[in-house]
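Written out below as structure tokens is the structure these notes cover.
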Ligand SMILES: [Zn+2]
């Protein structure tokens with residue numbers, strides 16, 4: 001279950017299936033005053049000055065109890081790479097310039113927070129445990145429709161398995177994104193899903209309404225990808241929130257017609 005937590009005025013979601021320090025931010029509890037970024041915008045380049053974004057990141061990091069200066073969150077490119085990062089990369093994309101771009105991270109380093117930014121795309125946080133139940137690695141993934149179609153979630157599971165984690169010992173939380181109620185797509189999108197993920201995904205996750213319009217279920221696709229990798233369904237938490245419907249709580253790229261802030265989804269061992 002994803003629970004809405006309020007800490008020092010910062011509202012964020014926490015999953016009951018994850019042991020690690022983590023949080024899915026909302027737009028509540030920050031210092032941004034622009035109408036479209038109010039108030040907890042956690043991304044640069046959305047209209048807020050850099051100092052405000054850093055102040056917001058500091059407030060979110062404090063609420064989740066991680067070290068803000070170490071957060072890694074580099075520019076995202078709608079790719080499928082899940083990159084191994086270490087303490088050498090601490091602060092990349094936030095407090096120091098990043099010399100790489102990617103949409104997913106894995107780390108086995110304690111105290112190293114990794115974070116993805118979203119505003120409609122699907123944020124996914126994963127942890128891998130050993131047989132005694134100790135967390136041995138964590139992942140953060142940004143899955144837009146391209147990343148979803150390229151199975152970035154499966155890449156994260158595979159990376160955890162390469163570190164010796166069994167799929168039974170992988171735990172996952174899928175955060176709020178634009179849901180099937182609001183995510184209208186074109187026929188080209190449906191064809192792309194069929195080409196990349198197969199007919200089964202198109203049939204199951206592209207919903208045709210009576211008037212012929214098409215809607216896509218990105219959460220459902222990622223859940224299917226995770227379970228088909230062998231992650232037990234009971235190990236996976238899926239948000240019931242829609243970023244586009246709930247404009248008080250979330251930024252939405254579609255709902256705000258591109259002029260919006262961004263949430264951050266963060267995890268740290
Ligand atoms: Zn909706």
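Computed quantities for the displayed model
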{"quantity": "Contacts under 7 angstrom Cβ, first residue in the range 229-248 being on the phi > 0 side of the Ramachandran plot, partner more than 9 Å from the ligand (Cβ to nearest atom), 6 or more apart", "calculated": "230/167"}
{"quantity": "The range 240-249: number of residues that are touching a strand residue (DSSP E or B) at 6+ places or on another chain (Cβ under 8 Å) and either modelled with pLDDT under 95 or more than 10 Å from the ligand (Cβ to nearest atom) (or both)", "calculated": "2"}
{"quantity": "Single match in 185, 174 (criterion: touching a helix residue (DSSP H, G or I) at 6+ places or on another chain (Cβ under 7 Å) and either modelled with pLDDT of 95 or more or under 30 Å from residue 269 (Cα atoms) (or both))", "calculated": "174"}
{"quantity": "Residue satisfying condition, being buried (at least 18 other Cβ atoms within 10 Å of the Cβ) and either under 25 Å from residue 27 (Cβ atoms) or in contact (Cβ under 8 Å) with a residue 12 or more places away in the chain (or both), within set 56, 131", "calculated": "56"}
{"quantity": "Some residue of the range 84-96 being in a strand (DSSP E or B) and within 16 Å of the ligand (Cβ to nearest atom)", "calculated": "no"}
{"quantity": "The listed residue being in contact with a helix residue (DSSP H, G or I) (Cβ under 7 Å, 6 or more places away or on another chain), free of Cβ contacts under 8 Å to residues at least 24 places away in the same chain and away from the ligand (no atom under 16 Å from the Cβ), out of 194, 151", "calculated": "194"}
{"quantity": "Conditions (1) in a loop (DSSP other than H, G, I, E, B); (2) within 13 Å of the chain's Cα centre (by Cα); number of the one not met by residue 165", "calculated": "(2)"}
{"quantity": "Qualifying positions in the range 157-187 - closer than 26 Å to residue 11 by Cβ and away from the ligand (no atom under 16 Å from the Cβ)", "calculated": "171, 172, 173"}
{"quantity": "Top-ranked residue in the range 226-240 [being under 19 Å from the mean Cα position of the chain (by Cα) and part of a loop (DSSP other than H, G, I, E, B); ranked as nearest to residue 129 (Cα to Cα)]", "calculated": "231"}
{"quantity": "Hits in the range 92-111 (condition: surrounded by fewer than 24 Cβ atoms within 10 Å (Cβ to Cβ) and touching a helix residue (DSSP H, G or I) at 6+ places or on another chain (Cβ under 6 Å))", "calculated": "95, 106, 109"}
{"quantity": "Hits in the range 10-33 - residues which are free of Cβ contacts under 8 Å to residues at least 40 places away in the same chain and farther than 20 Å from residue 268 by Cα", "calculated": "29, 30, 31, 33"}
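The values are calculated or read from the model by the stated rules, or taken from the named source; none is laboratory data. Here the structure is a predicted model, which means the values were calculated and not measured. Neighbour counts are summed over all protein chains in view; Cβ atoms, including those assigned to glycine, are modelled from backbone coordinates with ideal geometry.
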